[in-house]
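The values are calculated or read from the model by the stated rules, or taken from the named source; none is laboratory data. Predicted model only: the values in this text are computed from it and were never measured. Positions of Cβ are generated from backbone atoms using ideal geometry, with glycine treated the same way; all protein chains shown enter the neighbour counts. Surface accessibility is based on the protein's heavy atoms, side chains included, excluding ligands, DNA and RNA. Shrake-Rupley method; radii C 1.70, N 1.55, O 1.52, S 1.80 Å.
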Amino acid sequence: MWDKLENQYVTNYPGEVVGTRVPIKYGTAQQASVLNHILGKDLYFYAESGCPTDPDGLAYIAAIEATGLGTVVTPVQKCAIHQFYISAKASGYYNLISRMPFPIWGAAAPNAICMKSLAVGTFTGGVTHGPGYVQGDGVTGHYKFNVNPQTLGLTGTNSSIWGISQPGLNAFGECLIGGEQSFAFINFTLYRRLSINTTAYLGNQAGSVATATHQHDFFGGTRVGTRITLHRRNNTNGHAIVATRISTSTNTAIPPFISALRREEQLGLGARYFTQQANLYGFGLGFTDQQMQDLSLHAKVLLETCTGVVLT
Amino acid sequence: MIGFVVTGQTAAYVLDAIRLAQESRNVPHYWTIGSYPIYQGEHTGKFFLPASDEVLATKLTKNLTPIDLPEAMQLITALGGLDARLYVDPVSLIDPLAPAEDTAPVEG
């Protein structure tokens, strides 16, 4: 409808401004998105009916939109975000998530916000905030979670760590998310390295599980007790548990710090900066295999619906 | 890498100022440039503050970059201005004593 005061068209979902484009209510959010892609020069299609909402989804969307002028969450993105929260709670893993930013918004302030807790970390150094991803400069750029995982209940035998990204390239290892204390003994990381392996360390080095031949995909490691599994999902192969290990080590500590886009560390151990595009990362308590499989699907759908990024 | 080479004390002051610039606006501390010890070369023992044109143009929100903030120009002026920036070889930011191997040995 035409807003006489502001001389612009608005929809009723909710009061969305579409400028000079004529708004037409049509179909579902996904159908409207497709039509806008094809015909959206002079027309603007928006969903005939709203989508189910979740209170935590509403809070996250409000936090994103409150970060400043220009950070607008589209109706399609809102629906996808709400669906993620609904799916995560239905699968039973939502309360196991400790921190999970969703850095697709093209700016540091919204990218720093955690979907679960609304806690804000700190982007540090050279980080590019692109459409649908963040990318460190490989020398200084990273994201500090500003929290000790131990205070969130994580232990070496009850923890999980995950992310969606392009493969890392560095022959000496690129850490998508993680922390390490006292080299080789207290390790909680997810490495992504092209053509060699992806390795998740949970608790200590005994948590190492690996796979090869990388693409743009989801990787998630989870540990409950002595059992550690590494999950992978992409559009070529679907979901698979690509590695399983039963750890016999009694050294199960977890570091008191964690970052994304590099391995947070101390004592000059080597930060292992991540150089490629990262779309999503997070950590939490130990997931069951079914829960990690579910997260891999829900995270993939969330990312692909909200952005133009497609897993390979 | 382009940025400022400063003492540890100056680095701490700059990072604190960046933090306060955000918190004084009632927003969380979501961005900083960080400081990085220099291990090799002529500036060994000092700290590197990333301040390339790309870093100063980081999207903080859709319509705000660090260089838009008045505190940014105050800090840059205090550090000698943009012309006082130096090129620092990224290799000099790597601790030569850090282990070269990329993965920890596996046990159990």
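Please tell me the relative contact order of region A:230-312 in percent, rounded to the nearest whole number, where contacts are Cα pairs under 8 Å and at least six residues apart.
So the answer I get is 28 percent.
Just checking the output field for B:43-55: average partner chain Cβ neighbours within 10 Å of each residue's Cβ?
Across the residues of B:43-55, the mean count of other-chain Cβ atoms within 10 Å is 2.
Each residue of region B:41-46 in turn: what ³J(HN,Hα) in whole Hz from Karplus with 6.51, -1.76, 1.60 and θ = phi - 60°, glycine and Pro shown as x?
Coupling constants for region B:41-46: x, 5, 9, 3, x, 9 Hz.
Which shape class applies to the protein assembly as shown: rounded if a/c is under 1.5, otherwise prolate when a/b exceeds b/c and oblate if not, where a ≥ b ≥ c are the square roots of the Cα gyration tensor eigenvalues?
oblate
What residues have an amide H closer than 5 Å to that of residue A:43, excluding those fewer than 5 places away on the same chain, when H is modeled at 1.01 Å from N in the peptide plane?
Those lying under 5 Å, H to H, from residue A:43 are A:22.
If you take the accessible area of B alone, add that of A alone, and subtract the area of the pair, what total do you get in Å², probe 1.4 Å, to the nearest 100?
2900
Using r as the Cβ-Cβ distance of residue A:58 and residue A:249, and R0 as 41 Å, what FRET efficiency do you calculate, to the nearest 0.05?
Efficiency computed from Cβ-Cβ geometry: 0.40.
Starting at the first residue of region B:24-33, write each ³J(HN,Hα) from the Karplus equation 6.51 cos²θ - 1.76 cosθ + 1.60 with θ = phi - 60°, in whole Hz, x for Gly and Pro.
Running phi through 6.51 cos²θ - 1.76 cosθ + 1.60 with θ = phi - 60° gives 5, 9, 6, 10, x, 7, 9, 8, 7, 8 Hz.
Sticking with the crude label model, points 7 Å out along Cα→Cβ, report the distance from residue B:91 to residue A:10 in nm, one decimal please.
6.1
Taking all protein chains in place and a 1.4 Å probe, what share, in percent, of the accessible surface of chain A do carbon and sulfur account for?
56
Long-range amide H contacts for residue A:217: which residues qualify at under 5 Å (H placed 1.01 Å from N, peptide plane, sequence gap of 5 or more or a different chain)?
The list, which skips near neighbours in sequence, is A:165.
Within 15 Å, Cβ to Cβ, of residue A:96, how many net charges do the neighbouring residues add up to if Lys/Arg are +1 and Asp/Glu are -1?
Net local charge, residue A:96 excluded: +1.
With everything on Cα atoms, drop me the angle between helix A:29-39 and the longest principal axis of chain A, reported from 0 to 90° to the nearest 10.
Orientation of helix A:29-39: about 70 degrees from the principal axis.
Around residue B:54, with a cut-off of 13 angstrom between Cβ atoms, what is the net charge of the other residues, counting Lys and Arg +1 and Asp and Glu -1?
Around residue B:54, the charge tally is 0.
Estimate the FRET efficiency between residue A:72 and residue A:235 by the formula 1/(1 + (r/R0)^6), using the beta-carbon distance for r and 25 Å for R0, to the nearest 0.05.
0.35
Using amide H atoms built in the peptide plane, which far-off residues or other-chain residues are under 5 Å from residue A:258 H to H?
A:145, A:146, A:147
Residue A:25: which lysines have alpha carbons under 23 Å from its alpha carbon, excluding same-chain residues fewer than 8 sequence positions away?
Candidates past the 8-residue exclusion: A:4, A:41, A:78.
How much length, in nm to one decimal, is gained on full extension between residue B:43 and residue B:12, taken as 0.36 nm per residue of separation minus their Cα-Cα distance?
9.4 nm
Using a simple spin-label model with points 7 Å from Cα along the Cα→Cβ vector, what separation in nm is obtained for residue B:20 and residue A:290?
If labels sit at residue B:20 and residue A:290, their model points lie 5.5 nm apart.
From the phi of every residue in region A:74-88, what ³J(HN,Hα) in whole Hz does the Karplus formula 6.51 cos²θ - 1.76 cosθ + 1.60 yield, where θ is phi - 60° and glycine or proline is x?
Result, ordered by residue: 6, x, 5, 5, 4, 4, 5, 5, 4, 4, 4, 4, 4, 5, 4 Hz.
List the relative contact order of chain A as a percent without decimals, with contacts defined as Cα pairs under 8 Å and 6+ residues apart.
18
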